[in-house]
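The values are calculated or read from the model by the stated rules, or taken from the named source; none is laboratory data. No experiment lies behind these values; they were computed from the predicted model shown. Every residue, glycine among them, receives a Cβ derived from its backbone with ideal geometry; neighbour counts consider all protein chains shown. Quick note on the areas: whole protein, heavy atoms, side chains included, nothing else; ligands and nucleic acids left out. Shrake-Rupley method; radii C 1.70, N 1.55, O 1.52, S 1.80 Å.
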Amino acid sequence: MADLSEVLQAGMRRRHLSVEGLADLTGIRTPRVRVFVEDGAGGPVHPTEQELRELAHALALPLTEVLPGVLAGVPAA
């Protein structure tokens, strides 16, 4: 399984999005998105399942690319 930060960075490159652009698309606050992109699901701020779903949708990623982070101990919303 690829790390969440790698998946997000690749998706952002493919869609030509910045952290701010991804935050605008998802409604997730920019500092949270920045932490997810830099540190992945194991960083100091854990994404909720809903946030992961929103990120996957905004980046046109299959849910299976981002939701394993929830299964690995990320708290659900």
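For the reader, a short list of remarks on this structure follows.
- If you go through the stretch 43-65 and keep only what is touching an Asp or Glu at 6+ places or on another chain (Cβ under 8 Å) and either open to solvent by 70 Å² or more (accessible area, probe 1.4 Å) or of a type in the set (Gly, Ala, Ser) (or both), you end up with just Ala56.
- Helices (runs of 4 or more DSSP H) contained entirely in the chain, each with at least 1 residues that are at pLDDT below 95 and among the hydroxyl-bearing types (Ser, Thr, Tyr): 4-15, 63-66
- Among the residues of the stretch 1-55, those identified as small (Gly, Ala, Ser) and over 16 Å from Glu65 (Cα atoms) are Ser18, Gly21, Ala23, Gly27, Gly43.
- Consider the stretch 24-42 and keep the residues that are farther than 11 Å from Asp3 by Cα and not aliphatic (A, V, I, L, M). The one that is surrounded by the most Cβ atoms within 10 Å (Cβ to Cβ) is Thr26.
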